[in-house]
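Novice: My structure is below; once you've seen it, I'll send some questions.
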Amino acid sequence: MKFEDLINKSGEWLKGEGAYSEVVISSRIRLARNISKIPFPHWAKKTNRERILSLIQAAAVKCPSLKRGLFIRLDQLSLLDRQFLAERHLISHEQIRDNKERAVIIGEKEIAGVMINEEDHLRLQIIFSGLELQEAWRISNKIDGELEKNLDYAFSPKWGYLTACPTNTGTGLRASVLMHLPALAVSRDINRLLQAVAKLGLAVRGLYGEGTQATGNYFQISNQICLGRTEEELIENIDRVIKQIIEYEQNAKKVVLNKSRSEIHDKVFRALGILKNARLITSQETIGLLSTIRLGLALGIISEKEVERRKINELFIITQPAHLQKMGKKELNPMERDEKRALLIREKLAHI
Amino acid sequence: MDCGLWNNLWTVVCFQLLSETRDEMLCQICGKNEATVHFTEVVNNQVSELHLCEDCAQKKGLSIQPHFSIADLLVGLINLGITPPKVEEAGVKCKNCGLTYAQFGKIGRLGCGECYQAFQKGLVPLLRKIHGSIQHRGKFPKKGKRVLSRREEKPPSAVEKFKAELARVVEQEEFEKAASLRDKIRALEKKEQKEK
């Protein structure tokens, strides 16, 4: 696999399959690990960060699940390429600017990824399409086991895995589920629901993780507690809450369809009309309209034979600024991007 | 679990997340282009917003900067007096990496794994605040055990594990389970005393 090949494919997590894929876009497990005694990346000197890079790269090469992956130093990429990786959820937004002695390992089909020298020395992430937390945990546990054979993790029997930020101490595990909740958002119940979720020790965030807003009614739900429970308990807890939210969303969909059938039909077909005809479109507007199309799919207003869910999921990613520029192989100003974006969407939806 | 403060903060975040599609507005810097980049900041539960066009945001270097992070929140948590860095604590320094407790209070991040031992006094209550517990119950690295036994750190005993479990079930109001755990702990403690 080469870096330039990434643009021609999309990650496995966008395929729109797996359990409850109507409501759940993806399930992600992240494990935070650090090497014993060496200062954490933000506090380490350049030489120590270089040492971490080579230690982890050496361990990954010996790890059956990662050895065929792509190892990329972020300080050797252009700003555009780093933005491209962030849009694909392969690196964090902080790493777009903060790229010295940092690297990423991208596994096959973009299921497994390793960020090196981000907030922690090593962050392993596994992303699957649909609600597949258990499977994602099984794989991350396996890779973690392979890596630890060759790495000395900072660990205490009392406090577990020791991380740069005390919010991750313990299991170092963050399970997060990206949900699309358009019906609950329409019915306004989402306000109360999200408050309840926060009370259960879970955090709610927007599409691109920490610090981003929920555009297009996408919500990322993740555990805040990492210490004092086993990994399985943490995952069961969030899995239970997610299943409940799915049920609420599905009920809300029925209510919405009963109460305001023609308004919803109108909204969906107008969204389709704009997407199929616009000549200039911003990414903000695109996300909103695609979200409406996804609602139309879920309600059966548009049939899945006409538009595959995978195609809509992919459009969310490939219409973002860095993706458009990578595809066009040149830098584009905001106006040129809006034009290119509109063209791309028209092409993708031409058959409807 | 006492997480009132977190909940308040998260509620604020949730409200932000809920703000639906905005009306069209102009950039607050140039006043010409439509504002397409929106920033929200929460400082002491006060939400302030900034709406910019992409060009101005990029000029300010803001377009890719997140406006809210856990570390910021945590710094807030420490400053709000949940774990007041005591005067004698503030000067404590980690022997391995040189970070002082006062510096930790400022940046919200530890310097290395050894800092946990060095800053125990202040960290334990903070960890309890964040996680509702201070005893790890998840997986152990296979390699770590060997390293740790060298450092003379003991893994938690059966009694300690039961106690942690007890705290958890009490919190979840599973009192039948709690009663049976309490009996197990008593039995084990009796046995240990006899052995002594």
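Novice: So what is Rg over Rh here for the range A:214-342, counting just Cα atoms and using Kirkwood for Rh?
Specialist: Details: Rg = 18.3 Å, Rh = 17.1 Å.
That ratio equals 1.07.
Novice: Sticking with this structure for a sec: Provide Rg over Rh for the range A:100-251; use the alpha carbon set for both Rg and the Kirkwood Rh (inverse mean inverse pair distance).
Specialist: 0.98
Novice: Would you mind giving the average projected area, over all directions, of the Cα convex hull of the range A:12-63 in nm² with one decimal? It would help to have the intermediate numbers written out before the result.
Specialist: Numbers: hull surface 22.9 nm².
In nm², the orientation-averaged hull projection of the range A:12-63 is 5.7.
Novice: Give me the inter-chain shielding for A:29-39: mean count of other chain Cβ atoms within 10 Å, whole number please.
Specialist: Details: counts 0, 0, 1, 0, 1, 3, 2, 10, 5, 4, 11.
Mean number of neighbouring Cβ atoms from other chains: 3.
Novice: Calculate, in whole percent, how much of the Cα-Cα pair population of the range A:97-176 lies beyond 21 Å.
Specialist: Details: 989 of 3160 pairs.
Above the 21 Å cut-off, the range A:97-176 has 31 percent of its Cα pairs.
Novice: Here's another thing I want to ask about it. Reported to two decimal places, what Rg/Rh ratio describes the range A:252-300 when computed on Cα atoms with Rh from the Kirkwood expression?
Specialist: On the way: Rg = 11.5 Å, Rh = 11.2 Å.
Checking Rg against Rh, the ratio lands at 1.02.
Novice: Tally Lys and Arg at +1 and Asp and Glu at -1 over the other residues with C-beta under 12 Å from the C-beta of B:Asp183: what net charge comes out? Show your work: numbers first, answer last.
Specialist: Numbers: positive: B:Lys177, B:Arg182, B:Lys184, B:Arg186, B:Lys190; negative: B:Glu176, B:Glu189.
So the surrounding residues net to +3.
Novice: Give me the net charge of A:Phe316's neighbourhood, meaning all other residues with Cβ under 14 Å from the Cβ of A:Phe316; Lys, Arg count +1, Asp, Glu -1.
Specialist: Working: positive: A:Lys15, A:Arg88, A:Arg294, A:Arg309, A:Arg310, A:Lys311, A:Arg341, A:Lys348; negative: A:Glu87, A:Glu285, A:Glu308, A:Glu314.
Neighbourhood net charge equals +4.
Novice: Apply 1/(1 + (r/R0)^6) to the Cβ-Cβ distance of B:Glu174 and A:Gln57, taking R0 = 35 Å, and write down the FRET efficiency to the nearest 0.05.
Specialist: On the way: r = 46 Å, r/R0 = 1.31.
Once rounded, the FRET efficiency stands at 0.15.
Novice: Let me ask something else. Okay, which of the range B:172-196 sit inside 12 Å, backbone N to the point 7 Å along the Cα-Cβ direction of B:Val159?
Specialist: B:185-196
Novice: Name the long-range amide H neighbours of A:Ser26: under 5 Å, sequence gap of 5 or more, or other chain; modelled H, no Pro or chain starts.
Specialist: So A:Ser26 has HN proximity to A:Gly130, A:Leu178.
Novice: Starting at the first residue of the range A:125-142, write each ³J(HN,Hα) from the Karplus equation 6.51 cos²θ - 1.76 cosθ + 1.60 with θ = phi - 60°, in whole Hz, x for Gly and Pro.
Specialist: Listing the rounded values in order: 10, 10, 10, 10, 7, x, 7, 9, 4, 4, 5, 4, 5, 4, 5, 5, 5, 5 Hz.
Novice: While we're here: Along the Cα-to-Cβ line of A:Leu257, 7 Å from the Cα, sits a label point; which residues in the range A:1-25 have backbone N less than 14 Å from it?
Specialist: A:22-23
Novice: Moving on to the next point. Compute the semi-axes of the equivalent ellipsoid of chain A, taking the square root of 5 times each eigenvalue of the Cα gyration tensor, and list them largest first in whole Å.
Specialist: 35, 25, 16
Novice: Let me ask something else. Averaged across the residues of A:165-178, what count of C-beta atoms belonging to other chains lies within 10 Å of each residue's C-beta? Could the numbers behind the result be given before it?
Specialist: On the way: counts 9, 19, 11, 3, 9, 9, 5, 2, 2, 0, 0, 0, 0, 0.
For peptide A:165-178, the averaged partner shielding equals 5.
Novice: So for chain A, averaging the separation of alpha carbon pairs under 8 Å that are six or more residues apart and normalising by length, what relative contact order in percent results? Don't skip to the answer; put the middle values down first.
Specialist: On the way: 595 pairs, mean separation 68.7, N = 352.
In percent, rounded to a whole number, it is 20.
Novice: Where does the charge balance sit around A:Pro166 when Lys and Arg score +1, Asp and Glu -1, over other residues with C-beta under 10 Å from its C-beta? Spell out each step's value before the answer.
Specialist: Numbers: positive: B:Arg109, B:Lys129; negative: none.
Once all neighbours under 10 Å are counted, the net charge is +2.
Novice: Still on this structure, I have one more. In peptide A:145-157, how many Cβ atoms from other protein chains are near each Cβ within 10 Å, on average?
Specialist: Details: counts 3, 0, 1, 6, 3, 1, 3, 5, 6, 9, 11, 9, 13.
Mean shielding by partner chains, rounded to a whole number: 5.
Novice: Using R₀ = 41 Å, calculate the FRET efficiency as 1/(1 + (r/R₀)^6) where r is the Cβ-Cβ separation of B:Leu188 and A:Glu50; round to 0.05. Could you put the intermediate results ahead of the total?
Specialist: Numbers: r = 49 Å, r/R0 = 1.20.
For R0 = 41 Å, the calculated efficiency reads 0.25.
Novice: Separate question: For B:Lys106, go through the lysines and keep the ones whose alpha-carbon is under 24 Å away, minus same-chain ones fewer than eight residues off.
Specialist: Straight-distance partners of B:Lys106: A:Lys37, A:Lys45, A:Lys46, A:Lys100, B:Lys86, B:Lys93, B:Lys95, B:Lys121, B:Lys129.
Novice: Could the peptides B:128-137, A:194-203 be put in order, highest first, of the mean number of other beta-carbon atoms found within 10 Å of their residues? Each step should come with its number before you reach the end.
Specialist: Numbers: B:128-137: 21.4, A:194-203: 19.3.
Averaged packing, sorted descending, gives the order B:128-137, A:194-203.
Novice: OK, next. Per 0.36 nm of contour for each residue apart, how much would the distance between A:Lys2 and A:His351 grow if the chain were fully extended, relative to their Cα-Cα spacing? Kindly include the intermediate steps, with their values, before the conclusion.
Specialist: Working: separation 349, 0.36 × 349 = 125.64 nm, distance 3.16 nm.
Contour length minus Cα-Cα distance gives 122.5 nm.
Every number in this text was worked out from the coordinates using simple rules, so none of it is lab data. Keep in mind that what you see is a predicted model, and the values were worked out from it rather than measured. Ideal geometry is used to build each Cβ from the backbone, glycine not excepted, and the neighbour counts take in all protein chains shown.
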